[in-house]
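A short write-up of the structure that comes next.
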Amino acid sequence: MQRQALAWRRAGVRIAFVPTMGYLHSGHASLMQRARRIVGPAGKLVVSIYVNPAQFGPQEDLSRYPRDLPGDKALCSRMGVDCVFVPGTDEMYPPDKIGNHSTYVLETRVSSSMEGSSRPTHFRGVATIVAKLFNLVLPEVAVFGAKDFQQAAAIRKMTADLNFPVRIVVAPTIREPDGLALSSRNNYLSVEERSQAVVLSQALWLVARRVSRCKSGVPASRLKAGVSRMVAARPLASMDYIEFFDPATLEPVQRVIRGTQMALAVFVGKTRLIDNALL
Ligand code: PAF
């Protein structure tokens, strides 16, 4: 991959990159479209498919994470992707003479709250694999989804802090008609769970409406209590976290106004779903 990327770069070809864990859906397709628009028809669009073990906790869904390489390749081909990079774990984390992989990238400011506190080793795994992929794919621009708001913020910070010459673009969340954000993990939901999963986007809309009506803002504690009641009313759903914060710094706010970012994580059955919005 790196040899190919170097050859393209030497020839002056622009490279756009969409890193994924596969099981691709229209959310990923929209990232590919955005990436293609940036580098144009003469540029190269690279999509990586790699379920990165380092970003899963020991009790998480690594072994059952959905996979469909033929379907993914077909979607990439329809989207005009030039290169699908599908490394194995033996290639991404190969042991060498000294031992197993022992270098990690740790972003310590925007990664610590929310996903970072619920999934303590998650962002270390994400930052490490994204840094490695940047060094292999050598993109000028990389496109990430806004559904993983905190991930995008952590990657932006890592890219700036470590001087990667890569532009980070964040593309909007794509939703089902009822509001559920597209995610490969939606595949885990039973029919009943799927109907209750809409509570995440309903909570975002409800809070956005409430905040838009109140110029002086609403206490975060009151909104958190309201959303927690909403989630508790769905028998299959349980709240993991809900947070209100400044979208630039990810610092929590006490009073929620227009322009505050809201994020939440909810278990629906055993499946943990996340969503967020700029209110
Ligand atoms: O968002 C994802 O699919 C993954 O976290 C990423 C960025 C591909 C890193 O494994």
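The values are calculated or read from the model by the stated rules, or taken from the named source; none is laboratory data. It should be emphasised that the depicted structure is a prediction, and the values quoted were computed from it without experimental measurement. All Cβ positions, glycine included, derive from the backbone under ideal geometry; neighbour counts span all protein chains shown.
For this structure, a couple of remarks:
- Residue in segment 104-115 that is under 20 Å from the mean Cα position of the chain (by Cα), more than 29 Å from Gly43 (Cα to Cα) and assigned to a helix (DSSP H, G or I) present: yes
- Apart from one condition, Gly80 fits all of (1) part of a helix (DSSP H, G or I); (2) away from the ligand (no atom under 16 Å from the Cβ); the exception is (1).
- Hits in segment 167-215 - residues which are of a type in the set (A, V, I, L, M, F, W, C) and under 17 Å from the mean Cα position of the chain (by Cα): Ile168, Val169, Val170, Ala171, Ile174, Leu180, Ala181, Leu182, Leu200
- Residue in segment 48-65 that is in a strand (DSSP E or B), modelled with pLDDT of 95 or more and aliphatic (A, V, I, L, M) present: yes
- Among the residues of segment 93-109, not a single one is buried (at least 20 other Cβ atoms within 10 Å of the Cβ), of a type outside the set (Asp, Glu) and under 29 Å from Pro247 (Cβ atoms).
- Residue pairs meeting the criteria (Cβ under 7 Å; at least 6 apart or on separate chains; first part of a loop (DSSP other than H, G, I, E, B) and at pLDDT 95 or above, in segment 116-133; second of a type in the set (Gly, Ala, Ser) and more than 9 Å from the ligand (Cβ to nearest atom)): Arg119/Gly57; Thr121/Gly57
Conditions tested, residue by residue: (1) surrounded by 15 or more Cβ atoms within 10 Å (Cβ to Cβ); (2) farther than 23 Å from Arg272 by Cβ; (3) within 15 Å of the ligand (Cβ to nearest atom).
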site: Ala35; (1), (2), (3): yes, yes, yes
site: Ile38; (1), (2), (3): yes, yes, no
site: Val46; (1), (2), (3): yes, yes, yes
site: Ile49; (1), (2), (3): yes, no, yes
site: Ala54; (1), (2), (3): yes, no, yes
site: Pro58; (1), (2), (3): no, no, no
site: Ser63; (1), (2), (3): no, no, no
site: Asp68; (1), (2), (3): yes, no, yes
